[in-house]
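**Q** Submitted below is the structure of interest, expressed as structure tokens.
Bear in mind that the values in this text are calculations on the coordinates, not laboratory data. Note that this is a predicted model, so its numbers are computed, not measured. Positions of Cβ are generated from backbone atoms using ideal geometry, with glycine treated the same way; all protein chains shown enter the neighbour counts.
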Amino acid sequence: RLSSFGLVWLSPGILSSQDGPVLGAVGSFSWSGGAFLYPQNTSPTFINMSQENVDMRDSYLGYSTELAFWKGVQSLILGAPRHQHTGKVVIFTKTSGQWKPKTEVTGTQIGSYFGASLCTVDVDRDG
């Protein structure tokens, strides 16, 4: 369930995707977190890990948010710095109209806050 306090504590940045603005919501679902995507003229979409068989309690998913485009595919990257005390970064892609996790990277050092900061870069300068 979405807690009212969790919806107040949102990530500081707002990104603009092809589908509309994206805003992290770390406090939702008892601090499991996620992100809201606001398509134009439709209801917002909540993107999280609730459909996956993984414990995301107190993970703060959406603490950091980034967008990436690679080979014509848009990806949403969300950081979860408190996941299992080591942090996690999850890359979501849109498949059949649904945002699904594609890749996950988990931190290794306890307390490192891995995933707290994300940065996308156009390494090959192809735009």
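**Q** If you rank Leu76, Leu37 by fewest surrounding Cβ atoms within 10 Å, what's the result?
**A** Sorted ascending by nearby Cβ count, the order is Leu37, Leu76.
**Q** Please give the direction-averaged projected area of the C-alpha convex hull for the range 75-127, in square nanometres with one decimal.
**A** Working: hull surface 18.4 nm².
Result: 4.6 nm².
**Q** Going by C-beta contacts inside 10 Å, put Ser96, Ser75 in order with the fewest on the left. Can you show the working numbers first?
**A** Details: Ser96 5, Ser75 18.
Going from sparsest to densest Cβ surroundings: Ser96, Ser75.
**Q** Something else about it: Could you calculate the FRET efficiency of Glu104 with Phe69 from 1/(1 + (r/R0)^6), where r is the beta carbon distance between them and R0 is 22 Å, rounded to 0.05?
**A** 0.65
**Q** Here's a follow-up. Using a Cα-Cα cut-off of under 19 Å, which aspartates and glutamates could be cross-linked to Lys102, ignoring same-chain neighbours fewer than 8 residues away?
**A** Asp19, Glu52, Asp55, Glu66
**Q** Go through Gln18, Gln98, Ile77 and say which Cα lies farthest out towards the positive end of the charge dipole of the chain; charges sit on Cβ, +1 for Lys and Arg, -1 for Asp and Glu.
**A** Gln98
**Q** How large is the Kirkwood hydrodynamic radius of the range 42-88, in angstrom, based on all distinct alpha carbon pairs?
**A** 12.1
**Q** A further question on this structure: Using +1 on the beta carbon of Lys and Arg, -1 on that of Asp and Glu, and nothing else charged, what's the dipole of the range 4-106 about the Cα centre, debye to 20?
**A** Once rounded to the nearest 20, the dipole reads 140 debye.
**Q** Here's another thing I want to ask about it. Output ³J(HN,Hα) for the range 109-125: one whole-Hz value per residue in order, computed from phi by the Karplus curve 6.51 cos²θ - 1.76 cosθ + 1.60 with θ = phi - 60°, and x for Gly and Pro.
**A** Karplus-based 3J(HN,Hα) across the range 109-125 equals 9, 4, x, 6, 6, 4, x, 5, 10, 10, 8, 9, 9, 8, 5, 8, 6 Hz.
**Q** Separate question: I need Leu118, Leu78 ordered by Cβ neighbour count within 10 Å, fewest first.
**A** Leu118, Leu78
**Q** Along Cα→Cβ, 7 Å out, is where each label goes; now give me the distance between the ones at Thr120 and Gln84 in nm to one decimal.
**A** 2.6
**Q** How big is the gap, in Å, between the Cα center of the range 15-69 and the Cα center of the range 87-125?
**A** Cα centres, the range 15-69 to the range 87-125: 12 Å.
**Q** So, one more: Percent of alpha carbon pairs in the range 4-106 separated by more than 20 Å?
**A** That tail contains 31 percent of the Cα-Cα pairs.
**Q** Still on this model: So, R0 is 25 Å and r is the distance between the beta-carbons of Asp58 and Thr95; what FRET efficiency does that work out to, to 0.05?
**A** Here the calculated transfer efficiency is 0.35.
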